[in-house]
Structures are given as C-alpha cells and as structure tokens.
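Beneath this line is the structure, given in structure tokens, with notes to follow.
The values are calculated or read from the model by the stated rules, or taken from the named source; none is laboratory data. Predicted, not measured: the structure shown is a model, and the values here were computed from it. Here the Cβ positions follow ideal geometry from the backbone for every residue, glycine too, while neighbour counts run over all protein chains shown. The area values use the complete protein model at the heavy-atom level, side chains included, leaving out ligands, DNA and RNA. Shrake-Rupley method; radii C 1.70, N 1.55, O 1.52, S 1.80 Å.
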Amino acid sequence: MPNSPQSHFQTNPAPQAQTPLGGGRIFLSYPPQMKLEDISSPKDIKGASVKELEALAEEIRTAILQQVSKHGGHLSSSLGTVELAIALHYVYDAPEDILIWDVGHQAYAHKLLTGRYKDFSTLRQYGGISGFPKRGESPYDAFGVGHASTSISAGLGFAVARDLAQGNNQVVAIIGDGSMTGGMVFEALNNSRQTKQNFTIILNDNKMSISPSVGAFSKYLSKLSVKHNHSLKKFISLLRSIPEHMSIKLKEFMEGSKLAFENMMTQGQFFRDLSIRYLGPYDGHNIQELIKTFREIKELPEVCLIHILTQKGKGYELAATNPTKWHGSDPFHIEDGSVVVEKSRPTLTSVFGKTLLTLAKQDKKIIGISAAMLDGCGLGILKEDPETADRIFDVGIAEEHAVTFAAGLACEGFTPVVAVFSTFLQRAYDQIIHDVALQNLPVVFVLDRAGLVGSDGPTHHGALDLSYLRTIPNMVIMAPSDENEMHNMIYTATQYKNGPIAMRYPRAVTYANDIRTEFSELSIGKFRIVSKGSKVLLIGVGFMLAKCLDAAGVLKKNDIKPTIIDARFVKPLDIKAYKALFKEHSIVATVEDNSIVGGFGSAIAEILAEMKDPPRLIRIGLPDAFAGQGEIEELREELGLSGNAIAEKIMFI
C-alpha cells in the first residue's frame with residue numbers, strides 16, 4: 001500500500017535534530033538510533049522520527065524472536081503487530097488512554113514498550129511476566145485477556161464508565177479477524193452506541209486466528225480488502241496525474257480527501273448499518289500511515305472501526321510462510337526453525353487425531369468439529385485425508401455455536417465429536433446443558449489440555465472441567481491414564497449412544513511409541529485396580545495415576561503398601577464397587593489435576609457421606625485458586641501434586 005503523502009506531516013528541520021511526526025516541534029533528546037533497552041515507558045518514543053520508529057520495530061522483532069526461540073511462546077501473532085503497537089503508543093497516552101488487546105498473545109511488543117524490557121527474558125516462565133496482558137502486572141494492561149472475542153465488550157464498558165464519570169480519555173479495542181468470528185463480538189457491536197464519545201475498534205486483519213480464519217465474515221473482510229486496493233490504486237493514479245503547475249491548494253485538497261475517499265469506496269456497509277464509522281483497510285506495517293490515521297480518528301466523537309491489514313509472522317520468513325505452525329512455538333533454532341528438544345514420543349493430541357481418523361474411516365457418521373483449532377486439537381489429519389475431509393468442520397472461534405451445531409447433527413443420527421481445549425469449552429456451558437444434555441443427545445466432547453498446561457498460565461489451565469461437567473445430568477466423563485486407555489476411550493465414546501460423553505486428557509506426550517491398533521469398549525463407570533494393598537487406597541484420575549504410582553514408591557519405603565486404582569470414569573461411578581473397597585481401607589486419597597472444589601474428590605466425598613463408618617478422605621488436587629504459569633512439573637511441585645508431596649500428605653495426617 002502506498003505511503004500517505006509526506007506533505008501531511010508538518011516538519012521544521014534543524015541540524016542534527018530529529019523531527020517528530022506531525023507536531024512541528026523539535027526534539028533534541030533522541031539519538032538517531034533509539035534503543036529498546038532505554039525505553040522505560042511509551043513516553044520515551046513520543047516525538048521520534050519515522051525512521052527511528054521503523055528501526056525500533058526491527059529491534060522489537062529481534063527481541064521477540066530471540067526470546068521465543070529460547071523459551072517458546074506466541075511468535076507469528078506478535079511479530080505481526082509490532083508497527084501497530086508502536087503507532088498506538090505513539091499517538092495514545094496510555095495508561096490514561098485505555099488499550100485493550102483481544103486474546104493478548106499478540107501483545108509482546110506492547111509489553112516491550114511499556115517498561116517490561118528488563119523482565120522480558122522471564123516471559124511465560126515460572127515467576128516471570130505473563131504471556132498475556134494482566135492487570136496485576138502493569139497499569140498499561142487495562143484488561144486481562146487470554147480468551148478471544150472479549151475486547152469490544154470490555155472496551156465498551158470502559159467507554160461508558162468514562163462517559164458516566166465525565167472523562168475525556170480515549171478507549172481503543174484491538175481485535176483480530178479470527179476473534180471477529182466469536183458471537184460475543186456481534187453482541188458488543190450491536191450494543192456499541194451506548195457511548196456517545198469516541199470509542200475506537202482496530203480490526204487487525206491477517207486472515208488468521210490460530211488456524212486460517214473461516215466463515216462468511218472472513219470472506220466479507222477479504223472482499224473489503226480487494227475493493228479497497230483496486231479503488232485506492234485508481235485514486236492514487238489520479239492524484240499523481242495532477243500536473244505540477246496546477247494549484248497547490250487543489251492538490252492539498254485531494255491529498256486531504258484520501259481518508260474520506262477510502263471510507264466512501266470500501267463499502268463497510270455492515271458496520272455503517274450499526275452506526276459504526278468504518279475506515280480502511282490500511283497497511284498495518286506502515287507506521288507513518290497508522291499514526292496519521294489514529295490521530296485523525298481521535299477527533300471523531302463516535303464509534304469507529306479501523307480496518308488494518310497485517311502479515312502474521314512478519315520479519316521471520318519461516319513464521320510468515322507458515323503462521324499456523326508458528327502461532328505457538330516450543331524453543332527452536334532461529335537459523336532453520338528446528339526445535340531445540342525433539343519430542344521423543346508422540347503427543348496425546350496426535351494419538352487422538354490418528355485414532356479418530358481410523359474410526360471415521362470405519363464409520364461415516366462420525367463428524368469432527370473444531371473451534372478455530374484444527375491442528376491444535378488433532379483434527380488436521382482428518383481434514384487432510386480425502387476420505388474424511390468433508391466431515392471435518394472448523395466453525396471459527398465460536399465454541400457456543402460448535403456445541404449447538406453438534407446437537408443438530410446428533411438429532412439426525414450422526415456422531416459429532418467436538419474437539420476443544422478444556423479452558424475454552426467453558427464458554428459453551430449453557431449450550432452443553434440446554435442443547436445437548438437436556439435432550440440427552442449423543443455428542444462426544446474431547447477436551448485437550450486438561451489440568452495444568454504450563455507457561456500459558458491461568459487463562460489456559462484446564463482446571464475446572466471435571467467440576468463444571470460433573471454437575472450436568474446425563475453426562476459421562478472419562479479420563480485416560482495412558483495413551484492406550486485413551487485409544488479405547490475414544491472408541492467407547494463414539495460407540496456410546498445413550499447421551500453426551502466427554503473425555504479429557506492433558507498436554508503431554510505418550511508413555512510409549514507404539515499404540516495398540518485393536519479397540520476395546522470400556523464398561524461405563526467401572527474403575528480398574530492397578531495393585532492391591534491395605535489400609536491406604538490411592539485413586540488416580542487420568543494421567544495423575546502416574547503420580548499415585550510415584551507416591552506409592554515413597555510410601556512403600558515407609559512400610560505402607562497402598563491399593564492403587566485407575567478411576568477411568570469421573571461420572572458415573574460404580575458406587576457399589578467403590579463402597580466395597582472403602583470398607584477394606586482406613587484412608588482414601590483421591591488425586592486429580594482439577595480444582596479441589598466439585599471435582600472427583602467431591603464425588604467420592606458424596607459416596608462416603610452415605611456410609612455409616614467411612615474411611616478418612618484426603619482430597620488432593622488443584623487449590624481453589626488460579627494457578628500461575630511455569631513448567632508443568634514446577635507447578636505440580638508448588639501445588640502439592642508431585643509423588644513426594646502426595647505421599648507426605650498421607651503419612652502425616
């Protein structure tokens with residue numbers, strides 16, 4: 001996209017002085033090369049020249065690339081918003097002006113510009129700064145995020161609060177085109193006229209969420225982009241054809257009318273029908289044009305949407321050409337993109353995908369559904385296979401729609417499998433209850449990233465799924481303790497036709513390289529005895545069975561030989577069989593990577609409450625608090641979920 005006409009910027013050149021954009025003032029305090037390490041707040045970039053800001057953008061990209069290559073993180077999204085973050089902090093006066101980043105995994109540049117350069121090496125690590133905006137971390141993080149499609153609703157709340165307090169600060173919501181597929185966005189847009197002052201929405205359009213953006217709205221944005229580029233080229237051609245001898249006033253008028261021309265030619269009728277002023281699209285990597293646009297938009301006392309076009313992964317060719325792969329990255333070598341530590345065994349996500357592919361080829365009624373995470377949830381392999389491709393649906397960031405869409409399929413005799421991260425299924429709780437469970441429809445829910453997920457922290461831990469699913473009538477809940485059991489649970493779920501069924505599994509690799517190829521259907525509600533002992537009964541939920549085995553090793557050294565059970569099912573439970581075991585033991589310990597409130601331990605407590613002389617119950621799980629970030633084993637150690645910690649709780653009761 002061509003640069004805005006340079007004559008728009010008022011300059012007063014002076015020897016050895018840097019000229020700020022558009023202000024006419026001279027700033028002598030900035031060297032020709034502004035250093036990222038010297039920026040302690042956004043005030044330090046105000047007054048810098050375009051060349052300085054462009055050089056700063058490259059330094060920020062280098063810092064992001066180096067940090068993510070060492071410790072992992074969200075790479076392609078943050079590389080794509082560097083110029084946007086610089087322009088925003090150049091024009092707006094945060095934290096007085098409110099900047100809200102939707103999702104937040106694209107906000108690394110924002111963190112670097114707001115005094116967190118010295119702590120940036122701790123990003124997403126135990127005790128370090130968050131990978132997402134977090135209110136408790138910085139006054140510049142106006143709103144904590146981590147889930148998509150929230151920024152416009154939150155921004156409108158800030159704007160109305162400002163209006164009621166008779167303030168005059170600016171409120172800006174920055175949202176990606178992928179997040180625009182979420183229904184909450186359209187609810188907020190519909191309500192946006194609640195504010196009478198300026199409220200700015202910046203639509204960062206890179207054709208991507210985690211997977212490529214899908215659906216009618218994505219096509220609508222593409223149509224706007226194509227129309228804009230064609231019309232703007234014609235306008236620029238006309239502008240350049242004006243002879244030099246013509247009136248300077250005429251040329252200045254035409255240059256100044258560029259913003260109005262773009263608004264007229266690019267339609268944006270959907271937004272106008274909602275009384276939202278649509279402007280754009282603009283080049284999201286042109287700092288000069290972004291600054292000019294933001295300055296002009298600040299003066300408009302209305303709700304405005306600025307459509308900018310960016311490239312995900314910009315500045316690092318591997319990420320730019322494959323942004324889905326580089327959305328979230330493990331540590332890697334910058335030179336060739338190879339990971340620092342190769343996974344020696346398959347991930348559980350890949351086990352799910354391969355297993356479902358086998359089953360879907362056998363059963364044409366199996367349908368896969370993803371909410372903008374085909375690869376992230378293991379369904380990519382089915383989308384690539386010609387035998388199953390037409391039965392895999394990516395509905396965008398729309399978990400509520402995914403669940404009710406599945407309910408409709410189930411009504412017509414299909415077996416829909418909704419694959420989603422545990423933390424994101426929370427968004428569809430009402431739909432699970434009213435559209436699936438109330439009608440007792442055979443929808444399969446597969447919850448990836450259950451339990452602690454690591455460095456993404458509290459917004460992404462799957463710490464509540466057992467609690468919120470266990471309360472729902474008709475729901476069956478399974479948790480495999482290894483990959484082979486997981487293989488059989490997927491089969492069991494697709495065979496179950498008596499109502500909804502869910503399987504949850506953690507972010508982990510398999511214990512072995514080889515997965516069984518044959519399938520065995522599990523008996524609903526039945527646990528598995530791993531080893532027989534006395535006095536102490538250890539019940540492990542899912543992959544926490546391994547921690548029970550670790551604890552048993554410690555206990556045996558202290559002359560305690562526990563009975564160990566693989567729970568397999570969280571709901572329903574074989575109450576008769578459990579009560580029989582409880583009568584044989586004096587201590588029962590439940591171990592789960594779910595909140596201690598309402599989880600598996602609570603289910604066991606409910607059974608014990610019905611017994612006359614119940615054994616002592618020790619519930620071991622995640623605390624009634626939001627766990628922090630860090631490596632999974634670090635967090636388990638801190639939260640008392642290591643083998644040693646479990647053993648100590650049993651020995652010292």
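The single condition among (1) within 21 Å of Leu452 (Cα to Cα); (2) assigned to a strand (DSSP E or B) that Leu617 does not meet is (1). Just give me the residues in the stretch 165-213 being part of a strand (DSSP E or B) and at pLDDT below 90, in sequence order. Once the filter is applied, which keeps residues that are part of a strand (DSSP E or B) and at pLDDT below 90, the stretch 165-213 yields Met208, Pro212. Annotation note: Cβ proximity below 8 Å between a residue of the stretch 110-123 that is on the phi > 0 side of the Ramachandran plot and a residue that is among the aromatic types (Phe, Trp, Tyr) (sequence gap 6+ or interchain) occurs for Gly115/Tyr140. Checked against (1) hydrophobic (A, V, I, L, M, F, W, C); (2) at pLDDT below 95; (3) open to solvent by less than 10 Å² (accessible area, probe 1.4 Å), Val103 passes all but a single condition, namely (3).
Take the residues of the stretch 315-324 that are assigned to a loop (DSSP other than H, G, I, E, B) and touching a residue at least 24 places away in the same chain (Cβ under 8 Å): which is farthest from Thr62 (Cα to Cα)?
Of the stretch 315-324, the ones assigned to a loop (DSSP other than H, G, I, E, B) are 315-316, 322-324.
Checking the rest, the ones that are also touching a residue at least 24 places away in the same chain (Cβ under 8 Å) come to 315-316, 323-324.
Details: Gly315: 9, Tyr316: 9, Pro323: 17, Thr324: 20 Å.
This residue is Thr324.
This table checks each residue for (1) open to solvent by 40 Å² or more (accessible area, probe 1.4 Å); (2) farther than 30 Å from Lys70 by Cα.
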residue	(1), (2)
Leu374	no, no
Cys377	no, no
Asp385	no, yes
Ala407	no, yes
Gly413	yes, yes
Gly451	no, no
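Within the stretch 406-432, residues that are among the hydroxyl-bearing types (Ser, Thr, Tyr) and at pLDDT 95 or above have Cβ atoms under 8 Å from residues that are assigned to a helix (DSSP H, G or I) and open to solvent by less than 20 Å² (accessible area, probe 1.4 Å) in these pairs: Thr415/Thr494; Ser422/Asp465, counting only partners at least 6 apart in sequence or on another chain. Scanning the stretch 572-598 for residues being open to solvent by 50 Å² or more (accessible area, probe 1.4 Å) and within 22 Å of Ala502 (Cα to Cα) gives a total of 3.
Gly353: part of a loop (DSSP other than H, G, I, E, B) and either open to solvent by less than 50 Å² (accessible area, probe 1.4 Å) or of a type in the set (A, V, I, L, M) (or both), yes or no?
Working: part of a loop (DSSP other than H, G, I, E, B): no; either open to solvent by less than 50 Å² (accessible area, probe 1.4 Å) or of a type in the set (A, V, I, L, M) (or both): yes.
Considered against the rule, which asks whether it is part of a loop (DSSP other than H, G, I, E, B) and either open to solvent by less than 50 Å² (accessible area, probe 1.4 Å) or of a type in the set (A, V, I, L, M) (or both), Gly353 comes out as no.
All conditions but one from (1) part of a loop (DSSP other than H, G, I, E, B); (2) in contact with a strand residue (DSSP E or B) (Cβ under 8 Å, 6 or more places away or on another chain); (3) open to solvent by less than 10 Å² (accessible area, probe 1.4 Å) apply to Lys526; the one that does not is (3). Among all residue pairs at least 6 apart or on different chains, which show Cβ distances below 9 Å where the first residue, located in the stretch 379-394, is more than 11 Å from Ile369 (Cβ to Cβ) and the second is open to solvent by 30 Å² or more (accessible area, probe 1.4 Å) and of a type in the set (Asp, Glu)? Once the first residue is more than 11 Å from Ile369 (Cβ to Cβ) and sits in the stretch 379-394, its partners that are open to solvent by 30 Å² or more (accessible area, probe 1.4 Å) and of a type in the set (Asp, Glu) give Ile381/Asp375; Lys383/Asp375; Lys383/Asp394. Set side by side, the residues Gly128, Gly144 differ, and just one is open to solvent by 10 Å² or more (accessible area, probe 1.4 Å), among the small types (Gly, Ala, Ser), touching a Lys or Arg at 6+ places or on another chain (Cβ under 7 Å) and in a loop (DSSP other than H, G, I, E, B), which is Gly144.
The single condition among (1) under 21 Å from Ala463 (Cβ atoms); (2) out of contact with any Leu (no Cβ under 9 Å at 6 or more places or on another chain); (3) open to solvent by less than 60 Å² (accessible area, probe 1.4 Å) that Asp430 does not meet is (3). Of the strands (runs of 3 or more DSSP E) lying entirely inside the stretch 410-523, those containing at least 1 residues that are small (Gly, Ala, Ser) and over 22 Å from Ser642 (Cα atoms) span 415-421, 501-504.
Among the residues of the stretch 57-66, is there at least one that is out of contact with any Asp or Glu (no Cβ under 8 Å at 6 or more places or on another chain), among the acidic types (Asp, Glu), open to solvent by 10 Å² or more (accessible area, probe 1.4 Å) and part of a helix (DSSP H, G or I)?
Of the residues in the stretch 57-66, the ones out of contact with any Asp or Glu (no Cβ under 8 Å at 6 or more places or on another chain) are 58-66.
Checking the rest, the ones that are also among the acidic types (Asp, Glu) come to 58-59.
Narrowing the set further to residues that are open to solvent by 10 Å² or more (accessible area, probe 1.4 Å) leaves 58-59.
Checking which are part of a helix (DSSP H, G or I) leaves us with 58-59.
Yes, there is a match, as at least one residue in the stretch 57-66 is out of contact with any Asp or Glu (no Cβ under 8 Å at 6 or more places or on another chain), among the acidic types (Asp, Glu), open to solvent by 10 Å² or more (accessible area, probe 1.4 Å) and part of a helix (DSSP H, G or I).
Taking the criterion of being assigned to a helix (DSSP H, G or I) and in contact (Cβ under 8 Å) with a residue 40 or more places away in the chain, the residues of the stretch 147-161 that qualify are Ser151, Ile152, Ala154, Gly155, Leu156, Phe158, Ala159. State whether one or more residues within the stretch 275-297 are closer than 30 Å to Arg162 by Cβ, at pLDDT below 90 and assigned to a loop (DSSP other than H, G, I, E, B). Checked against the condition, which is being closer than 30 Å to Arg162 by Cβ, at pLDDT below 90 and assigned to a loop (DSSP other than H, G, I, E, B), the stretch 275-297 yields at least one hit. Counting only strands (runs of 3 or more DSSP E) that sit completely within the stretch 530-577, those holding 2 or more residues that are in contact (Cβ under 8 Å) with a residue 60 or more places away in the chain correspond to 535-540, 569-571. Within the stretch 317-336, the residues that satisfy the criterion of being open to solvent by less than 20 Å² (accessible area, probe 1.4 Å) and touching a Leu at 6+ places or on another chain (Cβ under 8 Å) are Ala319, Trp326, His327, Ser329. Within this structure, Ala87 fails the test of being touching a helix residue (DSSP H, G or I) at 6+ places or on another chain (Cβ under 7 Å), within 15 Å of Lys312 (Cα to Cα), part of a helix (DSSP H, G or I) and open to solvent by less than 10 Å² (accessible area, probe 1.4 Å).
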